[in-house]
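Heads up, the thing below is written out as structure tokens.
The values are calculated or read from the model by the stated rules, or taken from the named source; none is laboratory data. Not measured: the values here are computed from a predicted model. FYI the Cβ positions are ideal-geometry reconstructions off the backbone, even for glycines, and counts take in every protein chain you see.
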Amino acid sequence: MTRARPSVPGPVAPTPDSERLLAPDLARGVMLLLIALAHSRMLHAGGNAYNAPAGGGPLDVAVQALLTSLVDGRAAPLFGFLFGYGLVQMTRRYSGPGGDPAGARRLIRRRGFWLIVFGVVHVVLLYSGDVIGSYGVISLLFAGAVAWSGRRLWAAAAVVLVVGAALAAVIQLGGGSEPPLPVGATLIESALVRMTALPVLPVAAIAAAAPVFIGIWAARMRLLEQPGRFRPLLRGVALIGFPVAVLGALPVTLQAVDVWHPQSSTVVAAGFALFSATGIAGGLAYAATIALVAVRVGNRRGRVTTALVACGRRSMTFYIAQSPVWLVLTEPSLVGLHGELGAATAAGIGVAAWVATVLVAGLLHRSGRRGPAEALIRRLTYRHRTTSGPSGTSSRRNETEPPTERWAAPDHGRTR
């Protein structure tokens, strides 16, 4: 029996639309809404402090309570989960059945380096709270995590979750009760102020690593490839995750709506640590819920689903695309609305910004174009690889050529 020739590791073509999974792309599209809502706090009086009241009327208070409970500190873990899931998918496409784990790790680290570059540029030019660079740091430090055992992944997630919760409490407390938005009198001064946030990237990476590890484990289980097989697990995660996230946020939420005023800094720190630690439950609950929705949708995709998926496929582009909105609205030398709006109005602007990106994503989808950020990071990450052709001559595989064969191993529940 003739054995199949193993694939040659190297640059691979983007996965065709017909082969892409619905759940991850749909989750990324929804994730961008959660991120826009989280960023909208820059426009109300609460600012960057989760426990600072935004004031306003009953609607503003209700909106702030809802966002503190279900969005703040809950959207980022969903981002991390999907990032970890994507690392495994990328490794499978790169390695193929022939396998090249070392090459896959080099690819992850090379991509991580460019993500750090993207993150630094994003911070300096647009937004100090960037997460792209943090995930670049994670890629450099934990490129080998895609091959870790399930037990090691969960142990690592537990350790960094505890460390991250402690760091989140310290950072939030260190900024005071209402840290100012990092802006200056001019655009140049604001850029210089934002640059002071760059040393926080490694710290933020530690805080964000737990959901990445869980995302790697989930991808090894093929949880989003075959959500129908894991309905009981997904339902359980959603039914438990959301209450845990809401209850864990309660100490901070009560402060945010001006109901509770703890006098002890230790109590405040403990509240922030709990808030941070339980955020991962909310992120995983969102992922599970969206996976269950994907099962129901199946191939019956209407215009809304198609547009959301198109946005999710270009999530890096449209994550960055939200930042100019906040820059223009918050800069004192431009519109200067920081702290001027109620929480409800600010959230409405966040939703509007997200809807605009979904509409643009739909246009890009219909024209068959990838997101500019995705195209650039791919060009920078994948290098041309020279391989030996059948006649001994060298042939050049480039990023537009498909791999010799796709990863097809079942890998159900493997934790090797």
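Any idea which residue in the range 291-302 is farthest from PHE230 (Cα to Cα), counting only those that are touching a residue at least 24 places away in the same chain (Cβ under 8 Å) and assigned to a helix (DSSP H, G or I)?
Here the residue is VAL297.
Over 29 Å from GLU189 (Cβ atoms) and either of a type outside the set (Gly, Ala, Ser) or at pLDDT below 90 (or both) - does that describe any residue in the range 313-325?
Taking the range 313-325 first, the residues over 29 Å from GLU189 (Cβ atoms) are 313-315.
Filter once more, keeping what is either of a type outside the set (Gly, Ala, Ser) or at pLDDT below 90 (or both): 313-314.
Within the range 313-325, one or more residues are over 29 Å from GLU189 (Cβ atoms) and either of a type outside the set (Gly, Ala, Ser) or at pLDDT below 90 (or both).
Of (1) in contact with a His (Cβ under 7 Å, 6 or more places away or on another chain); (2) not in a loop (DSSP other than H, G, I, E, B), ASP60 satisfies all except one. Which?
Here ASP60 clears every test but (1).
State all residues of the range 362-374 that are surrounded by fewer than 16 Cβ atoms within 10 Å (Cβ to Cβ), part of a helix (DSSP H, G or I) and among the small types (Gly, Ala, Ser); if no residue qualifies, say none.
Correct list: SER367 only.
From (1) part of a helix (DSSP H, G or I); (2) of a type outside the set (Asp, Glu); (3) free of Cβ contacts under 8 Å to residues at least 60 places away in the same chain, pick out the condition that doesn't hold for TRP260.
Failing condition for TRP260: (1).
Filter the range 252-276 down to the residues that are β-branched (Val, Ile, Thr) and buried (at least 22 other Cβ atoms within 10 Å of the Cβ), then identify the one that is farthest from ASP60 (Cα to Cα). Reasoning before the result, please.
To start, the set of residues in the range 252-276 that are β-branched (Val, Ile, Thr) comprises 252-253, 257, 259, 266-268.
Checking which are buried (at least 22 other Cβ atoms within 10 Å of the Cβ) leaves us with 252-253.
Numbers: VAL252: 16, THR253: 13 Å.
The selected residue is VAL252.
Filter the range 246-268 down to residues that are closer than 23 Å to HIS44 by Cα and not aromatic (Phe, Trp, Tyr), then give me how many there are.
Going through the range 246-268, the residues closer than 23 Å to HIS44 by Cα turn out to be 246, 249-262, 268.
Adding the requirement that they be not aromatic (Phe, Trp, Tyr) leaves 246, 249-259, 261-262, 268.
Final tally of qualifying residues: 15.
Assess whether ILE240 counts as being within 18 Å of the chain's Cα centre (by Cα) and aliphatic (A, V, I, L, M). Quick ask: steps written out before the conclusion?
Values: within 18 Å of the chain's Cα centre (by Cα): no; aliphatic (A, V, I, L, M): yes.
Judged against the criteria, ILE240 is not a match.
Yes or no, residue by residue, for (1) surrounded by fewer than 22 Cβ atoms within 10 Å (Cβ to Cβ); (2) over 13 Å from the mean Cα position of the chain (by Cα); (3) touching a residue at least 24 places away in the same chain (Cβ under 8 Å):
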residue: PRO53; (1), (2), (3): yes, yes, yes
residue: GLN64; (1), (2), (3): no, yes, yes
residue: TYR85; (1), (2), (3): no, no, yes
residue: MET90; (1), (2), (3): yes, yes, no
residue: ARG93; (1), (2), (3): yes, yes, yes
residue: ALA104; (1), (2), (3): no, yes, yes
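Among the candidates THR305, THR330, THR317, single out the residue that is in contact (Cβ under 8 Å) with a residue 40 or more places away in the chain, among the β-branched types (Val, Ile, Thr) and over 29 Å from VAL117 (Cβ atoms).
Numbers: THR330 fails: over 29 Å from VAL117 (Cβ atoms); THR317 fails: over 29 Å from VAL117 (Cβ atoms).
Every option except THR305 fails the conditions.
State yes or no: is ALA197 under 30 Å from ARG105 (Cα atoms) and either modelled with pLDDT of 95 or more or out of contact with any Phe, Trp or Tyr (no Cβ under 6 Å at 6 or more places or on another chain) (or both)? Let's see the steps before the verdict.
Details: under 30 Å from ARG105 (Cα atoms): yes; either modelled with pLDDT of 95 or more or out of contact with any Phe, Trp or Tyr (no Cβ under 6 Å at 6 or more places or on another chain) (or both): yes.
Judged against the criteria, ALA197 is a match.
Which one is surrounded by the most Cβ atoms within 10 Å (Cβ to Cβ), of the residues in the range 321-361 that are under 17 Å from GLY29 (Cβ atoms) and more than 19 Å from the chain's Cα centre (by Cα)? Break it down stepwise before answering.
To start, the set of residues in the range 321-361 that are under 17 Å from GLY29 (Cβ atoms) comprises 321-322, 350-361.
Within this subset, residues satisfying the condition of being more than 19 Å from the chain's Cα centre (by Cα) are 352, 356, 359-360.
Values: ALA352: 12, ALA356: 15, LEU359: 12, VAL360: 18.
Among those that are under 17 Å from GLY29 (Cβ atoms) and more than 19 Å from the chain's Cα centre (by Cα), it is VAL360.
Go over the candidates ALA352, ALA288, ALA307, ALA281 one by one and state the one that is part of a helix (DSSP H, G or I) and modelled with pLDDT under 95. If you could, list the steps in order and put the result at the bottom.
On the way: ALA352 fails: modelled with pLDDT under 95; ALA288 fails: modelled with pLDDT under 95; ALA281 fails: modelled with pLDDT under 95.
Every option except ALA307 fails the conditions.
Would you check which residues across the range 146-166 are over 21 Å from VAL88 (Cα atoms) and either in contact with an Asp or Glu (Cβ under 7 Å, 6 or more places away or on another chain) or of a type in the set (Val, Ile, Thr) (or both) and list them?
Listed by number, the residues that qualify are VAL159, VAL162, VAL163.
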